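A.B. asks: Just dropping this structure here.
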Amino acid sequence: ACWPSGADPPANVDGLLSDGPLSARLAGSIRADGPMAYDAWVEACLYDPDEGFYASGGSAGRRGDFLTSPEVGPLFGAVLARWMDARWEELGRPAGFTVVEAAAGTGTLARAVLAAQPACLAGGRYVMVERSAALRAAQPTDETFPGVDQSSVELSSVADLEDLTPVPHGVVLANELLDNLAFGLLEAVDGRWHEVCVDARPAGPAEPAGGFHEVLGGAADPPLPVDAATCPPGSRIPVQTAAADWVDAALRLLGAGSVLIVDYASTTPVMAARPPEEWLRTYRGHERGSAPTDAPGTQDVTVEVAVDQLPDGALVSTQADFLNGHGIADLVDEGRRLWEERAHLGDLTALRARSRVTESEALLDPSGLGGFTFLQWTRP
């Protein structure tokens, strides 16, 4: 049996997970209490406060481990600033409009949005939410925004959505967050779904921790009615309770506005029909990593988002369609004009304007970032 997925771990785990290297602590906990549910494993690998991937230096960016749309350049943030202004207009231009960005990392997207100076944030707030203390320490503040007029925007950072008071009017957005929330894993065996757990291999003198491997736990109900009997043996599906709970929490935070999620997405039945290694991946240094049970804390563990496991009511579009619908072409045309006017100067303004063309190509590429999914839930 595994630790129950989503349940509190046994009482003695806190002590076992508080001293020594992460691998050794996890191995000790497993040997004391049995194989670990997959969501508990992912949570520890990514978010252990001392040696989890994001606590020990893992991050997005060209110098990090993977590249997301905000790291391509400021154009992505400029288009989102237009979307924010559109929502603000639809809500009647309320004062105190609030933008909450979850999984804000070092603040790359925040810098781009604020540099675009959306009208909705004149007298508003931009709140960065980030679990990693190391990443929060690198985020911008009012004093570290050279060249950007921050006099009318309150900029702040918190560790969790629960740290925020309700937002009467605003938006909550998250770029590639849900794929990094802890998820369970089920495998089809003899016509039933069984929980996948992580066990510790026997330790030896050369490797005290012994390493880890996947084992099957007991039968479990799937998150949706996907019949294991019709799936080939060994088929797997994720259980993304934490992702659904996060969206619910974001919607509860808002009085009126939108929750916007950007991620690579699929559905539970589609993932059941695909090889698991296509939708459950690891990354390290811009390269695919090894098995998710290898070297806990040293690589990103990520899963495609099962849209059908999230709350109903989202407007779904591709990234390309969303960006085209909110004026990316206008911004690129403006960049071309600025380049033509200032190319002889070769200054930073000219170079940034010129880069919009290449940025847009990357952001709209249907085989890459342009194929990402935008999910928007709206509260009137």
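A.B. asks: Can you name the residue in region 180-202 that is surrounded by 15 or more Cβ atoms within 10 Å (Cβ to Cβ) and at pLDDT below 95 and is also nearest to T108 (Cα to Cα) among such residues?
C.D. replies: Of everything passing the filter in region 180-202, N180 is nearest to T108 (Cα to Cα).
A.B. asks: Can you tell me how many residues in region 91-124 are β-branched (V, I, T) and without any contact (Cβ under 8 Å) to a residue 60 or more places away in the chain?
C.D. replies: 3
A.B. asks: Please verify whether region 163-179 includes one or more residues that are touching a Gly at 6+ places or on another chain (Cβ under 8 Å), assigned to a loop (DSSP other than H, G, I, E, B) and at pLDDT 95 or above.
C.D. replies: There is at least one residue in region 163-179 that is touching a Gly at 6+ places or on another chain (Cβ under 8 Å), assigned to a loop (DSSP other than H, G, I, E, B) and at pLDDT 95 or above.
A.B. asks: Could I ask something else about it? Which of (1) out of contact with any Leu (no Cβ under 6 Å at 6 or more places or on another chain); (2) open to solvent by 20 Å² or more (accessible area, probe 1.4 Å); (3) within 30 Å of I328 (Cα to Cα) is the odd one out, the single condition S23 does not satisfy?
C.D. replies: Single failed check for S23: (3).
A.B. asks: Right, something else. Where residues in region 224-265 are β-branched (V, I, T) and under 28 Å from G96 (Cα atoms), which of them is surrounded by the fewest Cβ atoms within 10 Å (Cβ to Cβ)?
C.D. replies: V247
A.B. asks: If we keep just the residues of region 318-345 that are open to solvent by 10 Å² or more (accessible area, probe 1.4 Å) and polar (S, T, N, Q), which is farthest from the chain's Cα centre (by Cα)?
C.D. replies: Out of the qualifying residues, it is N324.
A.B. asks: Here's a follow-up. Taking the stated definitions as given, is E214 modelled with pLDDT under 95, open to solvent by 40 Å² or more (accessible area, probe 1.4 Å) and charged (D, E, K, R)?
C.D. replies: No, not satisfied.
A.B. asks: Which condition does P225 not pass, out of (1) under 22 Å from F372 (Cβ atoms); (2) out of contact with any Phe, Trp or Tyr (no Cβ under 7 Å at 6 or more places or on another chain); (3) without any contact (Cβ under 8 Å) to a residue 40 or more places away in the chain, if it passes all the others?
C.D. replies: For P225, the exception is condition (1).
A.B. asks: Going through T268, T165 one at a time, which residue ends up being open to solvent by 30 Å² or more (accessible area, probe 1.4 Å), under 30 Å from Q376 (Cβ atoms) and of a type in the set (V, I, T)?
C.D. replies: After applying the criteria, what remains is T165.
A.B. asks: Could you list, in sequence order, all residues of region 107-129 that are outside any strand (DSSP E or B), among the hydrophobic types (A, V, I, L, M, F, W, C) and under 22 Å from the mean Cα position of the chain (by Cα)?
C.D. replies: Once the filter is applied, which keeps residues that are outside any strand (DSSP E or B), among the hydrophobic types (A, V, I, L, M, F, W, C) and under 22 Å from the mean Cα position of the chain (by Cα), region 107-129 yields L109, A110, A112, V113, L114.
A.B. asks: Let me ask another. Which residue pairs have Cβ atoms closer than 8 Å, lie 6 or more positions apart in sequence or on different chains, and pair a first residue in region 169-191 that is in contact (Cβ under 8 Å) with a residue 24 or more places away in the chain with a second residue that is of a type in the set (S, T, N, Q) and assigned to a strand (DSSP E or B)?
C.D. replies: Close Cβ pairs (under 8 Å, with a partner that is of a type in the set (S, T, N, Q) and assigned to a strand (DSSP E or B)) amount to H169/T98; G170/T98; V171/T98; V171/S258; V172/S258; D179/T302; N180/T302.
A.B. asks: Looking only at residues that are in a loop (DSSP other than H, G, I, E, B) and of a type in the set (S, T, N, Q) in region 130-162, which one is modelled with the highest pLDDT?
C.D. replies: Q139
A.B. asks: In region 83-106, what residues are assigned to a helix (DSSP H, G or I) and open to solvent by less than 20 Å² (accessible area, probe 1.4 Å)?
C.D. replies: Scanning region 83-106 gives W83, M84, R87.
A.B. asks: Which residue pairs have Cβ atoms under 9 Å apart, sit 6 or more places apart or on different chains, and have a first residue in region 300-321 that is touching a residue at least 12 places away in the same chain (Cβ under 8 Å) and a second that is among the acidic types (D, E) and part of a strand (DSSP E or B)?
C.D. replies: Hits for this filter: E304/D263; V305/D263.
A.B. asks: Something else now. Given the conditions (1) farther than 27 Å from E43 by Cα; (2) surrounded by fewer than 21 Cβ atoms within 10 Å (Cβ to Cβ); (3) in contact with a Leu (Cβ under 7 Å, 6 or more places away or on another chain), and given that A314 satisfies all but one, which numbered condition is not satisfied?
C.D. replies: (1)
A.B. asks: Just a yes or no: is a residue in region 353-374 in a strand (DSSP E or B) and either touching a residue at least 60 places away in the same chain (Cβ under 8 Å) or in contact with a His (Cβ under 9 Å, 6 or more places away or on another chain) (or both)?
C.D. replies: Yes, because at least one residue in region 353-374 is in a strand (DSSP E or B) and either touching a residue at least 60 places away in the same chain (Cβ under 8 Å) or in contact with a His (Cβ under 9 Å, 6 or more places away or on another chain) (or both).
A.B. asks: Looking at region 65-101, which of its residues are out of contact with any Leu (no Cβ under 7 Å at 6 or more places or on another chain) and of a type in the set (S, T, Y)?
C.D. replies: Result: T68, T98.
A.B. asks: Moving on. Give the number of residues within region 35-66 that are surrounded by 16 or more Cβ atoms within 10 Å (Cβ to Cβ) and at pLDDT 75 or above.
C.D. replies: 19
A.B. asks: Check L348 against each of (1) farther than 25 Å from E277 by Cβ; (2) of a type in the set (A, V, I, L, M, F, W, C); (3) open to solvent by less than 50 Å² (accessible area, probe 1.4 Å) and name the one condition it does not meet.
C.D. replies: The single condition L348 does not satisfy is (3).
The values are calculated or read from the model by the stated rules, or taken from the named source; none is laboratory data. Predicted model only: the values in this text are computed from it and were never measured. All Cβ positions, glycine included, derive from the backbone under ideal geometry; neighbour counts span all protein chains shown. Note: areas computed on protein heavy atoms with side chains; ligands, DNA, RNA excluded. Shrake-Rupley method; radii C 1.70, N 1.55, O 1.52, S 1.80 Å.
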